[in-house]
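Working notes for the structure below.
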Amino acid sequence: MSSAHRPESEHTAWHEQTTVLHGDSGLSPDPDVVAPIHYSATFRADTPEQFAEMATTPRATGFYTRYGNPVHQRVEAILAELEGTESALLTGSGMGAISTTILALVSAGDHVIAQDRHYMSTSKLFAEILPRYGVEVSFFDQTDLKALEAAIRPNTRLIMVETPVNPTLAITDLSGVAQIAGKHDILTIADNTFASPLNQQPHALGIDIVLHSATKYLGGHSDIMAGAICANKALCEKIWAMHVTLGAVLSPMDAWLLLRGLRTLSLRVERINHNALALAAWLEQHPGVEAVFYPGLPSHPQHALAARQMRGFGAVVAFSIRGGYEATRSFVSGLKLATHAVSLGGVETLAVHTAAMWAGSMTEPQMRAAGIELNFVRMSVGVEHIEDLKADLAHALAALPA
């Protein structure tokens, strides 16, 4: 097959733990137990007729790696199975997936609706870049579906959501969004990065296109940058045509590392879910912590919604430290096991003082408008032993002034 599209007649309903290991089986007669890396920018044709076919077949995996690559095809097959979509497409980063998808689907004069809290670079795309090309963007409170419906215009083409949202972990009602969009024949896009396909499947809830920063859970080892687009075959081919032009291509080596990361996805996510929930519950009881934000906690204002649309609640725990900005800075600096670094969904625990991280690109009022308080910590919990993680946080909290 020329792309990661598997006809329904060939589909085998495996559990996810099996899909990550065998979801790419049958795509190649290669006898290797471990998939080979096709580290070539270009591929040979035996005849002029074969070359013409390769050059004109959408998503051909044996023509030129910007168009497709056999390693891409393997990863795309697994991701399509995990997200329950007909097809998938890899890109060189999560923002490559987001920008390529949106630019492929809108034109000057169109209107896009986005929730008012997104990953910072996504927000910049909507607020600063799309308007330069004649695309209007409206924003809505992701917890208010009435506000979403009120924002719809005759020229609305897309609705973009992200749930849980970075970094506040607010939840968007995916089936509610899909139902509203369906009534108006509007395409929907969901950034599923913060959940992973093992914790949440937006397509099963009616969302048309599911996006990922595959740098996070899917790769899982903080050693690659990649993005993924999951949708039906027609949409993926339309987005692929823009992808070929924009060129946000994933290298064969990084695609192979992503494939290797996917093999352990189910094991990692199961452990991460357990650790994050346990750590969130522990933090909620600590006197040095002002508040904890985690969808898996009953105290989360949207816990019931999260429980309906998620099977696990993911790696990211957000919390605020008593004592303000300086106390929070000292706390993060005092961590020894948790690494002070951005990103999420990897095997190691990462922590950032969110206000300090975004101070260079957002004003204090902008941060507060985005729900980021000055004493806010975002922690991506890894697969370490939970008691070691608790001990690390307890030590950092105990060192703070009373």
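The values are calculated or read from the model by the stated rules, or taken from the named source; none is laboratory data. Since the model is a prediction, treat every value here as computed from it, not as a measurement. For neighbour counting, all protein chains shown are included, and Cβ atoms are generated from backbone atoms with ideal geometry for every residue, glycine included.
When each of Thr188, Thr168, Thr193 is tested for being within 18 Å of the chain's Cα centre (by Cα), closer than 19 Å to Val137 by Cα and either assigned by TED's automatic domain parsing to the domain that holds Leu125 or crowded, with 24+ Cβ neighbours inside 10 Å (or both), the lone residue that passes is Thr188.
Take the residues in the stretch 234-277 that are of a type in the set (Lys, Arg) and surrounded by fewer than 20 Cβ atoms within 10 Å (Cβ to Cβ), then tell me which one is nearest to Leu389 (Cα to Cα). Show your work before the answer.
Within the stretch 234-277, the subset of a type in the set (Lys, Arg) is 238, 260, 263, 268, 271.
Add one more test, that the residue is surrounded by fewer than 20 Cβ atoms within 10 Å (Cβ to Cβ), and what stays is 238, 260, 263, 271.
Values: Lys238: 45, Arg260: 26, Arg263: 25, Arg271: 13 Å.
The qualifying residue nearest to Leu389 (Cα to Cα) is Arg271.
Looking only at residues in the stretch 24-48 that are modelled with pLDDT of 80 or more and among the small types (Gly, Ala, Ser), the one that is farthest from Glu270 (Cα to Cα) is Ala45.
Given the residues Arg311, Arg268, which is the only one that is at pLDDT 95 or above, assigned to a loop (DSSP other than H, G, I, E, B) and out of contact with any Ser or Thr (no Cβ under 6 Å at 6 or more places or on another chain)? Give the steps one after another, and end with the answer.
Working: Arg268 fails: assigned to a loop (DSSP other than H, G, I, E, B).
Testing whether each residue is at pLDDT 95 or above, assigned to a loop (DSSP other than H, G, I, E, B) and out of contact with any Ser or Thr (no Cβ under 6 Å at 6 or more places or on another chain) leaves just Arg311.
From the residues in the stretch 108-164 that are under 21 Å from Ser175 (Cα atoms) and of a type in the set (Lys, Arg), which one is nearest to the chain's Cα centre (by Cα)? Only one residue tops the list, namely Arg117.
Would you confirm whether any residue within the stretch 253-266 is of a type in the set (D, E, K, R) and in contact with a Lys or Arg (Cβ under 9 Å, 6 or more places away or on another chain)? No, the stretch 253-266 has no match at all.
Scanning the stretch 82-137 for residues that are among the small types (Gly, Ala, Ser), within 30 Å of Thr264 (Cβ to Cβ) and at pLDDT 95 or above gives Gly84, Ser87, Ala88, Gly92, Ser93, Gly94, Gly96, Ala97, Ser99. Looking across the stretch 214-267, just one residue is under 16 Å from the mean Cα position of the chain (by Cα) and basic (Lys, Arg), and that is Lys216. Select from the stretch 312-336 the residues that are touching a helix residue (DSSP H, G or I) at 6+ places or on another chain (Cβ under 7 Å) and more than 16 Å from Ser222 (Cα to Cα) and list them in ascending order. Of everything in the stretch 312-336, those that are touching a helix residue (DSSP H, G or I) at 6+ places or on another chain (Cβ under 7 Å) and more than 16 Å from Ser222 (Cα to Cα) turn out to be Gly312, Phe313, Gly314, Val317, Phe319, Ile321, Tyr325, Arg329, Phe331, Gly334, Leu335, Lys336. The set of residues in the stretch 279-298 being surrounded by fewer than 18 Cβ atoms within 10 Å (Cβ to Cβ), in contact with a strand residue (DSSP E or B) (Cβ under 7 Å, 6 or more places away or on another chain) and small (Gly, Ala, Ser) consists of Ala291 alone.
All of Ile78, Ile129 fail the test of being within 20 Å of Thr245 (Cβ to Cβ), surrounded by 14 or more Cβ atoms within 10 Å (Cβ to Cβ) and out of contact with any Pro (no Cβ under 7 Å at 6 or more places or on another chain), apart from Ile129. Exactly one residue among Ala241, Ala234 is free of Cβ contacts under 8 Å to residues at least 40 places away in the same chain and under 21 Å from Arg74 (Cα atoms), and that residue is Ala234. Check whether at least one residue in the stretch 346-354 is surrounded by fewer than 21 Cβ atoms within 10 Å (Cβ to Cβ) and more than 23 Å from His395 (Cβ to Cβ), and report yes or no. Scanning the stretch 346-354 turns up no residue that is surrounded by fewer than 21 Cβ atoms within 10 Å (Cβ to Cβ) and more than 23 Å from His395 (Cβ to Cβ). Please indicate, with yes or no, whether at least one residue in the stretch 315-333 is in a loop (DSSP other than H, G, I, E, B), within 22 Å of Gln201 (Cβ to Cβ) and either outside the structural domain of Gly220 (by TED's automatic domain parsing) or touching a His at 6+ places or on another chain (Cβ under 7 Å) (or both). Checked the stretch 315-333: at least one residue is in a loop (DSSP other than H, G, I, E, B), within 22 Å of Gln201 (Cβ to Cβ) and either outside the structural domain of Gly220 (by TED's automatic domain parsing) or touching a His at 6+ places or on another chain (Cβ under 7 Å) (or both).
How many residues are under 17 Å from Gln201 (Cα atoms) and touching a helix residue (DSSP H, G or I) at 6+ places or on another chain (Cβ under 6 Å) when one looks only at the stretch 219-246? Even if it seems obvious, please write down each step before you answer.
Just the residues of the stretch 219-246 that are under 17 Å from Gln201 (Cα atoms), to begin with: 227-232.
With touching a helix residue (DSSP H, G or I) at 6+ places or on another chain (Cβ under 6 Å) added as a condition, the list becomes 227-230.
Within the stretch 219-246, residues that are under 17 Å from Gln201 (Cα atoms) and touching a helix residue (DSSP H, G or I) at 6+ places or on another chain (Cβ under 6 Å) number 4.
Only one of the numbered conditions (1) more than 19 Å from the chain's Cα centre (by Cα); (2) among the aliphatic types (A, V, I, L, M); (3) at pLDDT below 95; (4) outside any helix (DSSP H, G or I) is not met by Met367, and that is (4).
All of Phe319, Phe376 fail the test of being in contact with a Phe, Trp or Tyr (Cβ under 9 Å, 6 or more places away or on another chain), closer than 30 Å to Glu83 by Cα and either crowded, with 22+ Cβ neighbours inside 10 Å or modelled with pLDDT of 95 or more (or both), apart from Phe319.
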